[in-house]
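The values are calculated or read from the model by the stated rules, or taken from the named source; none is laboratory data. A quick note: this is a predicted structure, and the numbers were derived from the prediction, not measured. For neighbour counting, all protein chains shown are included, and Cβ atoms are generated from backbone atoms with ideal geometry for every residue, glycine included. Ligands, DNA and RNA are excluded from the accessible area calculation, which covers all protein heavy atoms including side chains. Shrake-Rupley method; radii C 1.70, N 1.55, O 1.52, S 1.80 Å.
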Amino acid sequence: AFKEFFKGKLMSDINPFMIEKYKIWRSKKINKRTVNKEIILGSQIYAKAIEWKKYNGSDNPFLKAEKFKVSKGKKPPCLSIEDVEGIVSEMKHPVKRDMVVFAFNTGWRIGEIRKLKWQDVDPEKGKAWIIDPKNGESNEIVLNDEAIEIIKRQKEILNGSEYVFCHKNGDPFKTSLREAFTRAA
């Protein structure tokens, strides 16, 4: 789109007024959020051209152009206890069902639950550790009674595996529970 609109122009010829015209022209073809992303891309192109000494000017006209005001979509509400109970009751796979209930009771991400190993759990003390979480800081978590029961149930079902929640052969789940969760919902 830049190539088409700014055809025949040098980087030094492009100014904020032209960028405003580009925004109006482009917003007739695509949504405003995408136009904003293109404006950011244009700004990055100028920044690299300046850094690599391919553009002698110091002004980045894309920085002076205002982006469209785009309202953010409304976040979906949290699930109620009844919603979770309804979804869990529809889940067929017992281990995946326990993973969802464990997530609800602990607030853990499914990816953290999939990686949970027996060495990271102490059901007698009611504690578990998130090792290598998304934020990079390992955490000790106090488990409620339901989460402890789930862990004990997994020990009975899948005794001998390295992972708390896994397939019958001991391998951890590699996918998210999105498909099972969506089907149940």
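Test of understanding: in a Gaussian network model of the chain with alpha carbons linked when under 10 Å, which of Pro94, Pro172, Pro61 would top the mean-square fluctuation ranking?
Judging by the Gaussian network model, the answer is Pro61.
Using Cα positions and a limit of under 17 Å, work out the lysines in reach of Lys21, with same-chain residues fewer than 8 apart set aside.
Cross-link targets: Lys3, Lys7, Lys9, Lys29, Lys32, Lys37, Lys64, Lys67, Lys69.
Estimate the FRET efficiency between Asp171 and Lys75 by the formula 1/(1 + (r/R0)^6), using the beta-carbon distance for r and 35 Å for R0, to the nearest 0.05. Mind dumping the intermediate values first?
Details: r = 35 Å, r/R0 = 0.99.
For Asp171 and Lys75, the calculated efficiency is 0.50.
Where the centroid of each part is defined by its Cα atoms, how far is segment 116-138 from segment 38-90 in Å?
34 Å
For Cα pairs less than 8 Å apart in space and 6+ apart in sequence, what is the mean separation divided by the residue count of the chain, i.e. the relative contact order in percent?
RCO, the chain: 17 percent.
Run a plain Debye calculation on segment 102-185 (Cα atoms as equal point scatterers, no solvent) and give log10 I(q)/I(0) at q = 0.16, 0.20 Å⁻¹, rounded to two decimals, same order as the q list.
-0.62, -0.97
Give the accessible area for Ile40 in Å² (nearest 10); use a 1.4 Å probe, count only protein heavy atoms, and leave out ligands, DNA and RNA.
Approximately 70 Å² for this residue.
Going by accessible area, probe 1.4 Å, with all protein chains left in place, what is the ranking of Phe102, Phe2, largest first?
Values: Phe102 0, Phe2 45 Å².
Sorted by accessible area, descending: Phe2, Phe102.
Which GluC sites (Glu not before Pro) does segment 75-117 hold that lie in a coil by DSSP with at most 14 other beta carbons within 10 Å? Mind showing how you got there, number by number?
Working: sites: Glu82, Glu85, Glu90, Glu112; in loops: none.
Loop-located and lightly packed - none at all.
Quick check: convex hull over the Cα atoms of the chain, volume per residue in Å³, rounded to an integer? Please list the in-between numbers first.
Working: hull volume 37.5 nm³, N = 185.
Each residue corresponds to 203 Å³ of Cα convex hull volume.
For Lys125, Lys74, write out the residues from largest to smallest accessible area, computed with a 1.4 angstrom probe and no ligands counted. Show your work: numbers first, answer last.
On the way: Lys125 145, Lys74 195 Å².
Sorted descending by solvent-accessible area, the residues read Lys74, Lys125.
Between Lys7 and Asn144, what length comes free when the chain is fully extended (0.36 nm per residue of separation minus the Cα-Cα distance, one decimal in nm)? Kindly include the intermediate steps, with their values, before the conclusion.
Numbers: separation 137, 0.36 × 137 = 49.32 nm, distance 6.40 nm.
Working it through step by step, the gained length comes to 42.9 nm.
Over 18 Å between C-alpha atoms is what I'm after, so list which of Lys23/Lys48; Lys96/Lys152; Lys117/Lys155; Lys115/Lys168 land there. Kindly include the intermediate steps, with their values, before the conclusion.
Details: Lys23/Lys48 22 Å; Lys96/Lys152 15 Å; Lys117/Lys155 11 Å; Lys115/Lys168 16 Å.
From Lys23/Lys48; Lys96/Lys152; Lys117/Lys155; Lys115/Lys168, over 18 Å: Lys23/Lys48.
Ordering Lys127, Lys69, Lys9 from largest to smallest accessible area (1.4 angstrom probe), what's the sequence? Don't skip to the answer; put the middle values down first.
Values: Lys127 60, Lys69 180, Lys9 105 Å².
Listed by decreasing accessible area, they come as Lys69, Lys9, Lys127.
Which of the aspartates and glutamates could a cross-linker span from Lys127 if the Cα-Cα distance has to be under 14 Å and same-chain partners fewer than 8 positions apart are dropped?
Lys127 reaches Glu140, Asp145, Glu146, Glu149.
Within segment 15-98, report the chymotrypsin sites (Phe, Trp or Tyr not before Pro) that DSSP leaves as loop and that have at most 16 other Cβ atoms within 10 Å.
Trp52, Phe68
Counting only heavy atoms of protein chains, what accessible area per residue, in Å², does segment 30-185 have with a probe of 1.4 Å?
69 Å²
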